[in-house]
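Chemist: Pasting a structure below so you can have a look.
The values are calculated or read from the model by the stated rules, or taken from the named source; none is laboratory data. The model shown is predicted, which means the values in this text are computed figures rather than measured ones. Here the Cβ is made from the backbone with ideal geometry for all residues, glycine too, and neighbour counts use every protein chain on show.
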Amino acid sequence: MNPFSSGTRLRDMIRAIRACKTAAEERGVVRKECAAIRAAINENDNDYRHRNLAKLMFIHMLGYPTHFGQMECLKLIASSEFPEKRIGYLGLMLLLDERQEVLMLVTNSLKQDLNHSNQYIVGLALCALGNICSAEMARDLAPEVERLLQFRDPNTRKKAALCAIRIIRKVPDLAENFINPAAALLKEKHHGVLITGVQLCTDLCKASVDALEYFRKKCTEGLVKTLKDVANSPYAPEYDIAGITDPFLHIRLLKLLRVLGQGDADASDLMNDILAQVATKTESNKNAGNAILYECVETIMSIEDNGGLRVLAINILGRFLSNRDNNIRYVALNMLMKAITVDAQAVQRHRATILECVKDSDASIRKRALELVYLLINESNVKPLTKELIDYLEVSDQEFKGDLTAKICSLIAKFSPEKIWYIDQMLKVLSEAGNFVKDEVWHALIVVISNASDLHGYTVRALYRALQTSVEQESLVRVAVWCIGEYGDMLIKNVGMLDIEDPITVTESDAVDIIELAIKRHTSDLTTKAMSLIALLKLSSRFPPCSERIQDIIVQNRGNLVLELQQRSIEFNSIIQKHQNIRSALVERMPVLDEATFIGRRAGSMPPTVSTSSGASLNLPNGVAKPSAAPLVDLLDLSLDDAPAPSSSGGDFLQDLLGVDLSPASNQSGTNQASKAGTDVLLDLLSIETPPVQSSLSPPDVLSSIQDNKSPVASLEELALPSSLSGQATTPVGASPMMDLLDGFVSNPPKPENNGSVYPSVVAFESGALRITFDFSKPPGNPQTTSIQATFTNLSPNVYTDFIFQAAVPKFLQLHLDPASSNTLPATGNGSITQNLRVTNSQHGKKSLVMRIRIAYKINNKDVLEEGQISNFPRGL
Amino acid sequence: MIHFVILNNRQGKVRLTKWYSTYSQKERSKVIRELTGIILSRGPKLCNFVEWRGLKVVYKRYAGLYFSMCIDQDDNELETLDIIHHYVEMLDRYFLNVCELDLIYNFHKAYYILDELLLAGELQESSRRTIARLVAAQDSLVETAREQASLLGDLVKQAM
């Protein structure tokens, strides 16, 4: 005999494990035991197999892997002795789940055991089948179970009934086979069989409409009688719980009656009397009685209407709700949720109590109560209830604040009777729990504020006040910063005072102070800081006396480590310094944001970065300050990851302007329109930044009406063109950088370019300082390969030295760069550099070319780096 | 339906688990870890129900042991408390004043009792007497088999 396997007894092993002081020690003991058990398994040791399996089960319970013992279960089950089978089946249920293939091997043994002459062995097999059978096993063994439903021994019948439940849960098609035997079980006297039979019928009703009809017709009366008998039965010690005979049977009968009565007036009628009796006569001082009452109330609420019964039920719930026991209160709240669809008025009567439950110390009750309050609120009671909830927000637990805030915000948005109330409540929520407020919520708030033109002054002052105390609430800070940027003048001049307001004195520098604080506070995140920069830019024009100070703050951020902030400050600084003439137009107030569109957008399948005005205002200066359109694309891409991106309002504006449907198009199409309509429009349009409109959609009159020079627009449009619009690309390519456009000296007549190639040339890249054009040609007989001649033109008055052009392409492309014609680029277009590229497109015909480029050069020995992406290649390259 | 039963002590050590719905071994240990954490952290006066992943866990503490059953959203929580109590009474009757040690050393017995009480996640028997009788009958079957085996062993020894 193996010296290991004979080793320790189960009891000794458990003792050894319990004696371990450390986890490592325990692992040691378990490892040793497992090794011994494996050895015994390998030797096919019969004598101690059951003991080894028992040990494995214990080890399994401690969380160690025991898969190697799975086959042992099967061997034990296959043995002829009861003790072996008993432990084998236990191991099977414990160590395996229905998804393991090993389980299929046991089907045969199960079948034999289901037909065994020993009823206890049949019981073991039924138990295992009922607990872990898979769909396949269910199909294979359903006939055996069906037969066992009529077995002489009641304990086998009840097990078979529950087994049948598992089978029809796995394979609902099999339900029909069980309808008749299940109906027979309902006539039994044995409580175990009755309980399981009723349960089986309930499950059959869920699985099959036929079953439901059958039981409704044939069994309702009988079930009512059974319930009557058990409810009126004298004291039965065997089944008694707290003075009630078999509450489990009560509850299961009530549950089945509910299923039968639902949607059927006749069946409901039959059960009215007994339900009334159970509802009135059941003792409610013990848990068992309450469990029955609870089930009874649910049945009354679900079956067809009977006014008297419903009143009874609601009264029971009222009693439950005032109970001191938390469990009872919990189920009362749970039940009231269902009752609200039946009788909202009755539930409203308990509003005060429910509201108290929101403040309970028990998280489960709080959660239930909050859900319920949410359902209870309507237009008429929204004000007092919201006040209660907001008051509670101040004192609630941190972990509950998220749920609570979300619910309050949703209520305010849903039921607010007027704008001022909406704004007031939202400000309260933001001040209390601004950090828990989702982005959509404060975005929506800004939309509302923007629409409430008579409340702008009031709102900005209220926000200013709120910010004095709640500076830690991120979303409050954002909304406040946005509003101060937009309506800062109203803040200091006390414009639009309402009667309810106390006047406050805020100086211009106070307003700048508070924004400076938002930028400098180290806990502010990127979005807040970025929004603050824009607010400052706006204030620099609204508050001329503070302009210098604002510039200082902006300049301080030029060295910011975060690229986005650095870039913004550099751009804004140049606007303040160099473009005084257009600044005031640039920073004009945002146009009113369209609420309907915003809501529609939110409902629609927008990306998570929900658009808002603030998003727009964020991006806006980028578009303006950036000297060229092509890098703008990159920029906007950049801004996508932090700032909320597309602005619906802007989109709308554009829509109005163009009179076209909004369909995907590129932002630069906005630029085209902008140059026509003047800078302030440009501003708005740039702020749109996306919903890409096909530029070809823009009405021709817009383009033709451009006063001074058509070509820059065309060229800009050129830049904007997605590659799909190559038809447009044939237009003459001339470029005047946008900076020039803004500054009002448009120049650079277009240079018509037509090199006769099959493919039109494109301006691949253009910045204020540099333009790159691509000419294409195809070597005959090789459609995959394209030769590109890149021409670099210097648009600045400085000579570029050490000029290097680099390009990168995705994997499906191959790129070869020839040496450039020179590395010095003369100033102001007095010559150019050319360089030949050869691109091989392995996906020719499927994908178009795309390229990322980087240009490095030196101006007066200072390094300059420009980057961009080229995606406007003509099609078919 | 009852999806699973977990029995753990105040230190979070698991004493019994029974799964009526399909959970892989990995999920099982995750569920156990998560739930014992939640349940052990709840104060004594709070209600016995925890909403968890769209299901409800009904738990009750008996001395140092927590009995938890996970049920569907629309099942009767109060009844589940009674089922737990029913099981505890059965254990108490079987072990005569059950304590944690009984459940450790005779964990298989605790499973046998549970298997007579619940099957397929549903209640099987409401009579304590019937359950006790069934478990005793099967125990005695094991006992007889063991006696016979030792008798056989003796006979073999004598013959040798």
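Chemist: What number goes with the only condition from (1) more than 8 Å from chain B (Cβ to nearest Cβ); (2) surrounded by fewer than 24 Cβ atoms within 10 Å (Cβ to Cβ) that A:Glu81 does not pass?
Modeler: (1)
Chemist: Another question, if that's okay. Criterion first (out of contact with any Lys or Arg (no Cβ under 7 Å at 6 or more places or on another chain), part of a helix (DSSP H, G or I), away from chain B (no Cβ under 14 Å) and within 27 Å of A:Glu84 (Cβ to Cβ)) does A:Val122 satisfy it?
Modeler: no
Chemist: Moving to a separate point now. Among the numbered conditions (1) closer than 28 Å to A:Arg258 by Cα; (2) buried (at least 21 other Cβ atoms within 10 Å of the Cβ), tell me where B:Asn8 comes up short.
Modeler: Just one mismatch for B:Asn8, condition (1).
Chemist: Same structure again: Among the residues of the range B:19-51, how many are within 11 Å of chain A (Cβ to nearest Cβ), closer than 25 Å to B:Ile113 by Cβ and not in a strand (DSSP E or B)?
Modeler: 9
Chemist: Oh, and also: Please enumerate the residues belonging to the range A:848-875 that are under 19 Å from A:Asp775 (Cα atoms) and of a type outside the set (S, T, N, Q).
Modeler: A:Leu849, A:Val850, A:Met851, A:Arg852, A:Ile853, A:Arg854, A:Ile855, A:Gly868, A:Ile870, A:Phe873, A:Pro874, A:Arg875
Chemist: Can you name the condition, by its number, that A:Tyr48 falls short on among (1) within 44 Å of the chain's Cα centre (by Cα); (2) closer than 28 Å to B:Leu141 by Cα?
Modeler: Single failed check for A:Tyr48: (1).
Chemist: Follow-up. From the list A:Thr156, A:Thr196, which one is of a type in the set (S, T, N, Q), within 14 Å of chain B (Cβ to nearest Cβ), free of Cβ contacts under 8 Å to residues at least 40 places away in the same chain and in contact with a Gly (Cβ under 8 Å, 6 or more places away or on another chain)?
Modeler: A:Thr156
Chemist: Give the residue that is farthest from A:His60 (Cα to Cα), with candidates limited to residues of the range A:1-36 that are among the β-branched types (Val, Ile, Thr) and modelled with pLDDT of 90 or more. Steps first, please.
Modeler: Filtering the range A:1-36 down to residues among the β-branched types (Val, Ile, Thr) leaves A:8, A:14, A:17, A:22, A:29-30.
Filter once more, keeping what is modelled with pLDDT of 90 or more: A:14, A:17, A:22, A:29-30.
Numbers: A:Ile14: 12, A:Ile17: 13, A:Thr22: 18, A:Val29: 14, A:Val30: 10 Å.
So the residue we want is A:Thr22.
Chemist: Do the conditions hold for B:Leu96, that is, is it at the interface with another protein chain (Cβ under 7 Å from one of its Cβ atoms), more than 15 Å from the chain's Cα centre (by Cα) and without any contact (Cβ under 8 Å) to a residue 24 or more places away in the chain?
Modeler: Spelling it out, it is not the case that B:Leu96 is at the interface with another protein chain (Cβ under 7 Å from one of its Cβ atoms), more than 15 Å from the chain's Cα centre (by Cα) and without any contact (Cβ under 8 Å) to a residue 24 or more places away in the chain.
Chemist: Collect the residues in the range A:576-586 that are among the aliphatic types (A, V, I, L, M) and free of Cβ contacts under 8 Å to residues at least 60 places away in the same chain, keeping them in residue-number order.
Modeler: First pass over the range A:576-586, keeping only residues among the aliphatic types (A, V, I, L, M): A:576, A:582, A:585-586.
If the condition is that a residue be among the aliphatic types (A, V, I, L, M) and free of Cβ contacts under 8 Å to residues at least 60 places away in the same chain, then A:Ile576 is the only one that fits.
Chemist: Go through the residues of the range B:57-73 one by one and say whether even a single one is within 12 Å of chain A (Cβ to nearest Cβ), buried (at least 22 other Cβ atoms within 10 Å of the Cβ) and out of contact with any Leu (no Cβ under 8 Å at 6 or more places or on another chain).
Modeler: Yes: one or more hits.
Chemist: Can you pull out every residue in the range B:75-93 that is within 8 Å of chain A (Cβ to nearest Cβ) and of a type in the set (Asp, Glu)?
Modeler: Within the range B:75-93, B:Glu77, B:Glu79, B:Asp82 meet the criteria.
Chemist: Can we say B:Ala120 is more than 10 Å from the chain's Cα centre (by Cα), among the hydrophobic types (A, V, I, L, M, F, W, C) and surrounded by fewer than 20 Cβ atoms within 10 Å (Cβ to Cβ)?
Modeler: Criteria not met by B:Ala120.
Chemist: Just checking: which of the strands (runs of 3 or more DSSP E) contained wholly in the range A:832-877 hold 2 or more residues that are acidic (Asp, Glu)?
Modeler: Correct list: A:862-870.
Chemist: When only residues in the range B:8-18 that are assigned to a strand (DSSP E or B) and either modelled with pLDDT of 95 or more or facing chain A (nearest Cβ under 10 Å) (or both) count, which is nearest to B:Asp75 (Cα to Cα)? Spell out the reasoning first.
Modeler: Here is the first cut: in the range B:8-18, the ones assigned to a strand (DSSP E or B) are B:8-9, B:14-18.
Filter again for either modelled with pLDDT of 95 or more or facing chain A (nearest Cβ under 10 Å) (or both), leaving B:14-18.
Values: B:Val14: 25, B:Arg15: 25, B:Leu16: 23, B:Thr17: 20, B:Lys18: 19 Å.
Top of the filtered list is B:Lys18.
Chemist: Would you check if A:Thr107 is among the hydroxyl-bearing types (Ser, Thr, Tyr) and crowded, with 21+ Cβ neighbours inside 10 Å?
Modeler: The answer is no for A:Thr107.
Chemist: Determine whether the range A:323-334 contains at least one residue that is at the interface with another protein chain (Cβ under 10 Å from one of its Cβ atoms) and within 23 Å of B:Ser127 (Cβ to Cβ).
Modeler: No, that holds for no residue.
Listed here are the residues, each with its yes/no results for (1) under 24 Å from the mean Cα position of the chain (by Cα); (2) modelled with pLDDT under 85.
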residue: A:Asp343; (1), (2): no, yes
residue: A:Val358; (1), (2): no, yes
residue: A:Ala363; (1), (2): yes, yes
residue: A:Pro384; (1), (2): no, yes
residue: A:Met426; (1), (2): yes, no
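Chemist: When residues of the range A:319-377 are filtered for being of a type outside the set (A, V, I, L, M, F, W, C) and in a helix (DSSP H, G or I), how many remain? Please lay out each step first, then the result.
Modeler: Initial filter on the range A:319-377 (of a type outside the set (A, V, I, L, M, F, W, C)): A:319, A:322-327, A:329-330, A:334, A:338, A:341, A:343, A:345, A:348-351, A:353, A:356, A:359-362, A:364, A:366-368, A:371, A:374.
Remaining after also requiring in a helix (DSSP H, G or I): A:319, A:326-327, A:329-330, A:334, A:338, A:341, A:345, A:348, A:351, A:353, A:356, A:364, A:366-368, A:371, A:374.
Going through the range A:319-377 one residue at a time, the tally reaches 19.
Chemist: Right, next: So the check is Cβ under 6 Å with 6+ separation or different chains; which pairs have a first residue in the range B:11-26 that's farther than 14 Å from A:Ser134 by Cα and a second one that's assigned to a helix (DSSP H, G or I) and among the hydroxyl-bearing types (Ser, Thr, Tyr)?
Modeler: Short answer, once both residue conditions are applied: B:Gly12/B:Thr36.
Chemist: Among (1) within 15 Å of the chain's Cα centre (by Cα); (2) surrounded by fewer than 20 Cβ atoms within 10 Å (Cβ to Cβ); (3) not acidic (Asp, Glu), there is one condition B:Tyr87 misses while meeting the rest; what is its number?
Modeler: (2)
Chemist: Also: May I ask you to list pairs of residues, at least six apart or on different chains, whose Cβ atoms are under 6 Å apart, with the first in the range B:132-150 being at the interface with chain A (Cβ under 7 Å from one of its Cβ atoms) and the second being charged (D, E, K, R)?
Modeler: As it stands, the answer is B:Leu134/B:Glu116; B:Ala145/A:Glu81, since those pairs meet every condition given.
Chemist: Additional query: Given the conditions (1) in a helix (DSSP H, G or I); (2) more than 9 Å from chain A (Cβ to nearest Cβ); (3) surrounded by fewer than 17 Cβ atoms within 10 Å (Cβ to Cβ), and given that B:Leu103 satisfies all but one, which numbered condition is not satisfied?
Modeler: (3)
Chemist: Additional query: Restricted to the range A:209-232, and to residues that are in contact with an Asp or Glu (Cβ under 7 Å, 6 or more places away or on another chain) and free of Cβ contacts under 8 Å to residues at least 40 places away in the same chain, which residue is farthest from the other protein chains (Cβ to nearest Cβ)?
Modeler: Per the criteria, the residue is A:Asp210.
Chemist: So which residues in the range A:125-163 are hydrophobic (A, V, I, L, M, F, W, C) and touching a Pro at 6+ places or on another chain (Cβ under 8 Å)?
Modeler: Across the range A:125-163, the qualifying residue is only A:Leu149.
Chemist: Being hydroxyl-bearing (Ser, Thr, Tyr) and surrounded by fewer than 22 Cβ atoms within 10 Å (Cβ to Cβ) is the filter here, so list the residues in the range A:330-348 that pass it.
Modeler: So the first thing to find is which residues in the range A:330-348 are hydroxyl-bearing (Ser, Thr, Tyr), and the list is A:330, A:341.
The answer is A:Thr341, and nothing else.
Chemist: Here is a follow-up. From the set of residues in the range A:233-261 that are touching a helix residue (DSSP H, G or I) at 6+ places or on another chain (Cβ under 7 Å) and of a type in the set (Ser, Thr, Tyr), which is nearest to the other protein chains (Cβ to nearest Cβ)?
Modeler: First, the residues of the range A:233-261 that are touching a helix residue (DSSP H, G or I) at 6+ places or on another chain (Cβ under 7 Å): A:238-239, A:241-242, A:244-261.
Applying the additional criterion that residues be of a type in the set (Ser, Thr, Tyr) yields A:239, A:245.
Values: A:Tyr239: 6, A:Thr245: 9 Å.
Of everything passing the filter in the range A:233-261, A:Tyr239 is nearest to the other protein chains (Cβ to nearest Cβ).
Chemist: While we're looking at this one, here's another question. Could you tell me how many of the residues in the range A:182-227 are of a type in the set (D, E, K, R) and within 41 Å of the chain's Cα centre (by Cα)?
Modeler: 3
Chemist: Of the residues A:Val447, A:Val481, which is part of a helix (DSSP H, G or I) and without any contact (Cβ under 8 Å) to a residue 60 or more places away in the chain?
Modeler: Result of the check over A:Val447, A:Val481: A:Val481.
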